[in-house]
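Participant: There's a structure below that I have some questions on.
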Amino acid sequence: MKTFEEAWTAWLDDQLTGRELSEFEASLPDKTAAEAEKTEAKRLGELLKRELSAHPLTNEEFFSHQLREKIMQEGRESARAGARQTATSKWWTIPRLLWAGAASLAVFLIFTVAVMHEKNPAEESQYLTQILNARVDPVVSPNATVSIFEVKQDRVTVLWTEGLQTLPADYAAK
Amino acid sequence: MQTEATLAQSDVSELDLVKRSQAGDTEAFDGLVTRYRTRVFGMIYNMVHSEQDAWDLAQDSFLKAWKSIGRFRGQSSFYTWIYRIVMNVTIDWLRKKQIKGGGAEFDDAIQLTEVDPASRTVPKKEALPHEAMERDEIRGRIEKAIAQLSPEHRAVILMKEVDDMQYHEIAEALGCSIGTVMSRLFYARKKLQTLLRDVYENV
């Protein structure tokens, strides 16, 4: 379905035929005015064609010559760019490849060490070290036993004491 | 070895020139340029109204055509294909100029002094001085009126009225639908009829 503008344009350019033409002409409120406008449009077209069509290109040969020069220059630049590209590609294959490999390996190692270090359980706490070193004084508590359950991975330590009569005064202070 | 003149002759098929150009034959491309340079230049000139700019834009268009001729698949005529490049280059240029000029370009900023009088239509016979003046004046009025159209409307009306192109060819060249072409033609004609009524009624 054509819009009014499309149908009008087609009608002006004599592109409507058959049923489409009769339907469009029947839809025109004032066919005489429309015909007058069609004539005007045709006169406008003739004017444009007459005045604008014969614009000469002066120096035609120079135009082509200049274009040939530009095309040749373009070709030379493309060739140079291609050569640069090839050189770059060759350089990639030998030293840059080695350097890239070494650098990647170094980065990988650093990363791995850092991650492993982070995953290590924390060092034993100073408090636990004191207990383990001192144990229980055999003079004060001769029957005392100390059991330690430790899961370093989860950072959990359970200290289980039995038969303990007293704790050294400075036991926890340190 | 074929010369440029030979290549430009119509007995060498356009398709052959295109195929050879696609294979990198600059002489064959030269043949295509020779065939279409005047039409291309004329169309661009009517769009931009400046000899120098039309020359540069025509050069740019052909250079782009050379660079992308490998992508031409022959689904349309070479002329329609190159027109698409020409229109892209010219409309882009007009848009940039409009932006730089603060939008005045499509009104009445184009001065007739930009047009080289010697470059205007050459009459078949020597015109009398008053006839030449009258013709220059008419031409100036037309150019001024066209300058008031948007680049797309200019392109459509010039391709239809001056180059006798079909709707579908214009649509291909501008990358739009046939309906859009017809709609643009409608508005471009209306505007030019308003601006040039006294010209075509008195000629």
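The values are calculated or read from the model by the stated rules, or taken from the named source; none is laboratory data. It should be emphasised that the depicted structure is a prediction, and the values quoted were computed from it without experimental measurement. Every residue, glycine among them, receives a Cβ derived from its backbone with ideal geometry; neighbour counts consider all protein chains shown.
Participant: All but one of (1) surrounded by 10 or more Cβ atoms within 10 Å (Cβ to Cβ); (2) at pLDDT below 90; (3) closer than 30 Å to B:Leu185 by Cα; (4) among the acidic types (Asp, Glu) hold for A:Glu60; state the number of the condition that does not hold.
Facilitator: (3)
Participant: On to the next question. Checking A:His55 against (1) assigned to a helix (DSSP H, G or I); (2) within 14 Å of another protein chain (Cβ to nearest Cβ), only one condition comes out false. Which one?
Facilitator: Single failed check for A:His55: (1).
Participant: May I pose another question? Can you tell me how many residues within segment A:9-42 are closer than 18 Å to B:Met165 by Cα and facing another protein chain (nearest Cβ under 7 Å)?
Facilitator: Looking only at that region, the number is 3.
Participant: So, one more: Quick one: which residue in B:Thr34, B:Thr113, B:Thr90 is within 22 Å of B:Leu149 (Cβ to Cβ), in a helix (DSSP H, G or I) and at pLDDT 80 or above? Explain how you work it out, then say what you get.
Facilitator: Values: B:Thr34 fails: within 22 Å of B:Leu149 (Cβ to Cβ); B:Thr113 fails: at pLDDT 80 or above.
After ruling out the rest, the residue left standing is B:Thr90.
Participant: Return the total of residues in segment A:1-37 being charged (D, E, K, R) and loosely packed, with under 15 Cβ neighbours inside 10 Å.
Facilitator: Of the residues in that region, 8 qualify.
Participant: When you go through A:Gln130, A:Gln73 one by one, which is the residue that is at pLDDT 85 or above, more than 27 Å from the chain's Cα centre (by Cα) and polar (S, T, N, Q)?
Facilitator: A:Gln73
Participant: Next question, about the same structure. Give me the residue from segment B:52-87 that is among the polar types (S, T, N, Q) and out of contact with any helix residue (DSSP H, G or I) (no Cβ under 7 Å at 6 or more places or on another chain) and, out of that set, modelled with the lowest pLDDT.
Facilitator: Only one residue fits best here, namely B:Gln75.
Participant: With respect to B:Thr6, is the statement that it is over 23 Å from B:Ile157 (Cβ atoms) and modelled with pLDDT of 90 or more true?
Facilitator: Details: over 23 Å from B:Ile157 (Cβ atoms): yes; modelled with pLDDT of 90 or more: no.
Judged against the criteria, B:Thr6 is not a match.
Participant: Another question, then. If we keep just the residues of segment B:150-188 that are outside any helix (DSSP H, G or I) and away from every other protein chain (no Cβ under 12 Å), which is surrounded by the fewest Cβ atoms within 10 Å (Cβ to Cβ)?
Facilitator: Within segment B:150-188, the match that is surrounded by the fewest Cβ atoms within 10 Å (Cβ to Cβ) is B:Gly175.
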